[in-house]
Amino acid sequence: MSIYKNILDAITRGEKLFAVLIDPDKFPVSRSEQFIKKVKASIATHIFVGGSTVSSGATEILVQAIKKHTHLPIVLFPGDVTQITDAADALLFLSLLSGRNPEYLIGKHVEAVSKLRNTNLEVIPTGYILIESGKETMVSRVTHTEAISRDDLQIVVDTAKAGELLGMQLMYLEGGSGAKTPITKNVIESVKNELNIPLIVGGGIRSMSQIEDTYSAGADIIVVGTAFEEDDELFEELKK
């Protein structure tokens, strides 16, 4: 069964999903076994791999190392086509809907097709919306786009709905790597009420209470990355 179908089925059953995001440029491969043991003992249902800027070949090396220690789905969350590897299980085919840089709306996707044409990766079209989080993020710098202000609620909601109408299968609200604060409950609730597709929320989430608040606001999948980079003791709160 496809990873996307599994996500839909889990949501239908009322389950909440959790993804640990690992950035290949910030994560030593030598830590893989020890780190993945903690992931497997936690509530994590997926492992996302990717970053805004990643050294060539680093993603494939990390994915191969992780796969030795887990059967959890490994999903690419790429900042560039150079991060695509057939070693993973699926790819979030991200379109940066919050920006107006054509390279990240469609240009990079065209570039990726030659890599994806003969791949076994499950490709999941995903709308990606960057929400202002109190600081400039690496995503903004790399893509030369600005995040949408959290105060422009209707713009956020309409952007998400437009992505769904364009055929996106997932919608991802992102505060950005190292965000100072999580996306607010009001923003998540408003977007969730408008969508008929699963909602992913990430950025600035660093505690169990913030995770619970994000789920209660309507997130179907929560993504946490930076918190584990800074202190993987958060896993103690996330044990099954």
Ranked packing of 170-182, 70-82, 21-33, most packed first, by mean Cβ within 10 Å: 170-182, 70-82, 21-33
Size of electric dipole in segment 3-232: Cβ of Lys, Arg +1 and of Asp, Glu -1, about Cα centre, debye, nearest 20: 440 debye
Rg/Rg_ref, segment 114-176, where Rg_ref = 2.2 N^0.38 Å and atoms are Cα: 1.31
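Check each of the GluC sites (Glu not before Pro) in segment 77-150 and keep only those in coil by DSSP with at most 15 other C-beta atoms within 10 angstrom; list them in order. Mind showing how you got there, number by number?
Working: sites: Glu103, Glu111, Glu122, Glu132, Glu136, Glu146; in loops: Glu132, Glu136, Glu146.
Answer in residue order: Glu136, Glu146.
Work out, step by step, the length gained on full extension between Lys135 and Thr53: first 0.36 nm times the residue separation, then minus their alpha carbon distance; give nm to one decimal. Walk me through the numbers before you get to the answer.
On the way: separation 82, 0.36 × 82 = 29.52 nm, distance 1.80 nm.
Length difference between fully extended and current span is 27.7 nm.
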Fraction of accessible area attributable to carbon and sulfur, the chain (%, probe 1.4 Å): 50 percent
Relative contact order [Cα under 8 Å, 6+ residues apart], segment 3-232, whole percent: 17 percent
Sites Glu237 and Gln34 - FRET efficiency at Förster radius 25 Å, r taken between beta-carbons, to 0.05: 0.85
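Enter the accessible area per residue of segment 3-232 (Å², integer; probe 1.4 Å; all protein chains in place).
Details: 10040 Å² over 230 residues.
Accessible surface, normalised per residue, equals 44 Å².
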Point-to-point label distance, Thr70-Asp9, nm (Cα→Cβ direction, 7 Å offset): 2.0 nm
Along principal axes, Cα extents of the chain, largest first, whole Å: 44, 42, 36
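The values are calculated or read from the model by the stated rules, or taken from the named source; none is laboratory data. Computed from a prediction, not measured in an experiment: that's the story for all the values here. Glycine also receives a Cβ, built like all others from the backbone with ideal geometry; neighbour counts cover every protein chain displayed. The area values use the complete protein model at the heavy-atom level, side chains included, leaving out ligands, DNA and RNA. Shrake-Rupley method; radii C 1.70, N 1.55, O 1.52, S 1.80 Å.
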